[in-house]
Every structure is written in structure tokens, then in C-alpha cells.
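The structure under discussion appears below in the form of C-alpha cells.
The values are calculated or read from the model by the stated rules, or taken from the named source; none is laboratory data. Every value quoted in this text rests on a predicted model; they were computed, and no experiment measured them. Cβ coordinates were reconstructed from backbone atoms using ideal geometry, including for glycine residues, and neighbour counts include every protein chain displayed. Remember, those area values only see protein heavy atoms, side chains included, never the ligands or the DNA or RNA. Shrake-Rupley method; radii C 1.70, N 1.55, O 1.52, S 1.80 Å.
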Amino acid sequence: MSTDDRVIIFDTTMRDGEQSPGASMNLEEKLRIAEVLERMGVDVIEAGFAIASAGDFEAIREISKLVKDSTVCSLARAARGDIDRSAEALKPAARKRIHTFIATSPLHMKHKLRMGPEQVLEAVIDSVTYARKLCDDVEWSCEDGSRSEHDFLCRTVESAIECGARTINIPDTVGYTLPEEFAALITMLLNRVPNIDKAIISVHCHNDLGLAVANSLAAVGAGARQIECTINGLGERAGNAAMEEIVMALRTRHDSMPYTTGIKTEHIMKASRLVAAITGFVVQPNKAIVGANAFAHEAGIHQDGMLKHAGTYEIMTPESVGLVKSTLVMGKHSGRHAFRRKLEELGYELGDNALQEAFHRFKSLADKKKEIFDEDIVALVDDEVAHGLDLIRFASLHVICGSTGPQQATLTLEVDGEERSTTATGNGPVDATFNAISELFPHQARLSLYQVHAVTGGTDAQAEVTVRLVENDRTVNGHGADTDTLVASARAYVNALNKLLLKRERTAPAAISA
Ligand code: KIV
Ligand code: ZN
């Protein structure tokens, strides 16, 4: 295989993805995502925007210590302070990259930067030269590149390469371009920039018109060899190109797109579930590759075809994206050994204490629920991991509700090892439960999202609840799972409060333009 056919996968779930309003991730969650990304074979992990906040800096630093195979990257504006901060955060990384950017379109230069083209060109030269003194691997991006004037774009790209950028990223920042236009832009750069052979062309497409994946693939057809993307297509506004779609399109249509990636596609589902669970951004059922219906066949005629030959309606196998057909059926008679094996099958490795706790909860779930599906175990383990560091812990809840109010919740929490109980009323059982939490642990946070999702079918399904709390500039997502929706709600709210307590003072990355 020619190395020219290898497409570098650059994941920006934790940088551009985290810039989606509400998609905040704490350090422990980012480390879990980084681990999964590395295991799935992602080439470059953009771990954050070091200057944006203490939280981003710490996340980049800790991910740099953890990750060995993937390159860890930090974003930096075209400013020495940003670049210094990135270099500092990346210090422990085995492989590191500084990604510096500045806008090059007339609109952005005039209205956002208030800089003329010559000043922007100077900033490109200074920032890339400076970054190269601190890091061998420098990527340069022309923000709003797809709406930039071609002559100016060529000059900036040529200068960035001359100053040592090894990767030149062309973003379609506002998701405006059409596939053929974007391919033509890449061809234009390849034809006109004299030193373009010294760099890899990358693309970074937003999905405002639903074309991010199509634009990225068209760019690869024209010669780009790095795609910037996110799990589940998370990202600013309508999101970025979805990694799972890009990778599976390249794999499934290798006949007409003969390019390869280093992604072990069997890890896709795990990464998708993890990012959805952490951010509370639920994947729509009909989402390509990772939606719940992506491999479901309901219509009789389709089922008949599938039974005769899976290829009739399936262009890729569920196994290829990590939807494993379970070999172990779990129930209330399953022992600890089988439970551990099931977790391994699902891709989890828990320490002894977490395993013990998860097994305990599995047994109590199996007492309540007739059939235990893999999704139940995933929800239960994710819940256990999410609550591992909680300082405030849910103990018990009794609710009185029905058509005649007031609804009432009697709640016990453990705060700093001490049990506190109260009874509160509210406009419905959820409101009563949340009021009880506020009585036991007064706080100023505002509830900005309350979301309930059934893990499986059936009336005995576990509810997976996401609660998003906002306090000052800080946003956190809490999670809880239980067969009782109100218990899951209380656990999710308490988890969010715990995260607020743990979260350091940080500036939202969105406050700094990227
Ligand atoms: O969309 C964009 O232009 C970006 C750059 C910072 C790469 O996110
Ligand atoms: Zn972007």
C-alpha cells in the first residue's frame, strides 16, 4: 500500500466538540475519551485550547501524560502567549503538536480581527516560526479558509510552510462550501503553492449545510490527507464532520475511494456511547453508523431479504462498528466471573472496587428486571464510573405522586459522610425531588437541561437521565441510571452538583474565538 493513500485522522471532540453549548467535559471524562480514542487508533487527539482556561490546560497536560501512541495537540491563536501555554501543557507528551490559527477571509480579517492582510501575513510568519522553536510538529490553520481570496490564501499557506508548518489545515469554518467547490480549492492550492509538497493538507469541515462529511471526502479525493473530525459529529453549531461516517465511508467504499485510515472501526460504538453519555448529546436513532436504528430492520420485506442474505440491506456489518452479538446472556444467576467477562466483551476494564460496586448493582438490577441487555450493563457501569468521585452521594428516595398533588419527595443524601434527610413538595415528582436536593444542599446553579432516555425497550427499562446545571460561566452534565426514573433523576442531579463542586474556575472556550 502506498503511504500516499493513508488519511490521518485528527480528532477534535475535546476541543471543537467541547465548544458546543452545554457539551462540557471534566478532566476525568476527557481522560476516558482520550483513552478510547487512542485505543481506536486516532492519529492526532486535539485535547483542548490551552490558553482558554485552567481546565483546558490541565486536561491537555494530563492527556499528554496518559497517551503514548497518538499525537496530542493543543490549539493556539497566532499569539506567543497562546503558543507558550500550549507548549507548556504538551510538555509531558511523547508525541506533540501545536496547532496555531488565524482567520484569512476578508470578512473575518476586517470585522473580527480588525487587521489588514499584511498584518495577518506577519502574524502567520511570527506564530509559525515561534511555534516551531517550541515544537517540531506544527499545524497551521487559515480560519474561514474556504471563504478566503485565493491569492492571499496561497501567500499565507506558502509562508506557513516556509516557516516550518508540516500540516496546513483548510477549514470550512461556517460550513458554507459545496463538495465540488471544496475539492477545487484543494486542487488550486496543490497547483499554485510552490512548496505544498512539504506539507500535508488537512481539512476541517463544519456541518451547517449537512455537508461536512461530503466536503471532507471530496477534499481527500483532491489530495488532502488529514481529516479533522469528531465523534458523533459534535462541534460548534451544527457540528463537525463525524469521524464514524468518514471512516466507515472510506472502509465501505474503498472501491471508489482507495484510501485507508488507522482506525480500528470496531471501537466506534464504544466511543460514540461514551461521548453521548458524557455530554448528554443523545445520538438520533436514524444517525448514520451509530444511531440505534442504523442496523435495525423492521419492515417485513427487509427482514425477509436479510434472512436470505444480509447483503440485501446491509452495506457493512454491525460487528465492523463494534455492535457485537453477545456470547454471554446475563441474568440473576450470573456470577462475578461471568460479569467480569461480560465487561471485557463490552470493552470495560474496572478496578477491583469499581467492579465490586458494579457487580452489586448488577445483582440488584437483575432482581428487578427480567432480561438484562448489554445496554443495561453499559448504563450501569457508566453510572458507576460517573459517580466514583462524588462527595455528595444519593442514599434513598421515596416519592408520593399522582393526579392530586402536591407531589412529595423524601430524600436522604450523604454529604461528607453524614446523612441528611428532608421532605419537599413540588410541581410534580421531579420538581419535588430536585427541591429536596436544594434543601439539603443549597446552591445557585440553574437547571438548563433535564433529559430522560430509556436504555432499552419495555416498561421495566432503566432510565438514563442527564441533568445540565449552569453556575456563572460553568456548565456541567450529571448522569444517573436506574429502573426508577426518579431515582435516576436524583442521581443525575447529585452527580452534576458534585461536578460543580470539583470544577475549577475556567473561562468557557467559546469566550475566546476559535
Ligand atoms: O472551524 C474552524 O475554523 C476551527 C479552526 C480553529 C481550525 O475550528
Ligand atoms: Zn471548527
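Assorted remarks:
- Among the residues making up the stretch 169-198, those that are within 16 Å of ligand 1 (Cβ to nearest atom), of a type outside the set (A, V, I, L, M) and on the phi < 0 side of the Ramachandran plot are 169, 171, 172, 173, 176, 177, 182.
- In the stretch 82-94, the residues that are in a helix (DSSP H, G or I) and open to solvent by 50 Å² or more (accessible area, probe 1.4 Å): 84, 85, 88
- Condition met for residue 437 (surrounded by fewer than 16 Cβ atoms within 10 Å (Cβ to Cβ) and in the same structural domain as residue 477 (by TED's automatic domain parsing)): no
- When residues of the stretch 4-39 are limited to those that are out of contact with any strand residue (DSSP E or B) (no Cβ under 9 Å at 6 or more places or on another chain) and modelled with pLDDT of 95 or more, the one surrounded by the most Cβ atoms within 10 Å (Cβ to Cβ): 36
- In the stretch 40-54, the residues that are away from ligand 2 (no atom under 16 Å from the Cβ) and open to solvent by less than 20 Å² (accessible area, probe 1.4 Å): 40, 41, 42, 50, 53
- With respect to the conditions (1) at pLDDT 85 or above; (2) surrounded by 18 or more Cβ atoms within 10 Å (Cβ to Cβ); (3) in a helix (DSSP H, G or I), residue 361 falls short on a single one, namely (2).
- Taking the stretch 359-389 as the range and being free of Cβ contacts under 8 Å to residues at least 60 places away in the same chain and of a type in the set (Phe, Trp, Tyr) as the test, the residues that pass are 359, 362.
- Residue match in the stretch 141-156 (condition: of a type outside the set (Ser, Thr, Tyr), in a strand (DSSP E or B) and touching a strand residue (DSSP E or B) at 6+ places or on another chain (Cβ under 9 Å)): yes
- Residues of the stretch 199-236 satisfying the condition of being over 14 Å from the mean Cα position of the chain (by Cα) and on the phi > 0 side of the Ramachandran plot: 210, 223
- Taken over the stretch 147-168, the criterion of being in contact with a Leu (Cβ under 9 Å, 6 or more places away or on another chain), more than 16 Å from ligand 1 (Cβ to nearest atom) and free of Cβ contacts under 8 Å to residues at least 40 places away in the same chain is satisfied by 154, 155, 159.
- Counted residues, the stretch 111-126 - those being free of Cβ contacts under 8 Å to residues at least 40 places away in the same chain and under 22 Å from residue 206 (Cα atoms): 2
- Among all positions in the stretch 446-454, there is at least one residue which is under 30 Å from residue 342 (Cβ atoms) and of a type in the set (Val, Ile, Thr).
- Any hit, the stretch 410-429, residues being assigned to a helix (DSSP H, G or I) and either in contact (Cβ under 8 Å) with a residue 40 or more places away in the chain or surrounded by 14 or more Cβ atoms within 10 Å (Cβ to Cβ) (or both): yes
- Look at (1) touching a residue at least 40 places away in the same chain (Cβ under 8 Å); (2) crowded, with 24+ Cβ neighbours inside 10 Å; (3) farther than 21 Å from residue 87 by Cβ and you find that residue 144 fails only one, number (2).
- Residue match in the stretch 305-318 (condition: of a type in the set (Phe, Trp, Tyr) and surrounded by 16 or more Cβ atoms within 10 Å (Cβ to Cβ)): no
- With respect to (1) within 16 Å of ligand 2 (Cβ to nearest atom); (2) without any contact (Cβ under 8 Å) to a residue 60 or more places away in the chain; (3) open to solvent by 10 Å² or more (accessible area, probe 1.4 Å), the lone exception for residue 129 is condition (1).
- Check on residue 74, closer than 15 Å to residue 136 by Cβ, open to solvent by less than 20 Å² (accessible area, probe 1.4 Å) and assigned to a helix (DSSP H, G or I): no
- When every residue of the stretch 55-66 is checked against the conditions, none turns out to be more than 16 Å from ligand 1 (Cβ to nearest atom), free of Cβ contacts under 8 Å to residues at least 12 places away in the same chain and over 14 Å from the mean Cα position of the chain (by Cα).
- Residue check for residue 79: in contact with a Pro (Cβ under 8 Å, 6 or more places away or on another chain) and open to solvent by less than 60 Å² (accessible area, probe 1.4 Å): no
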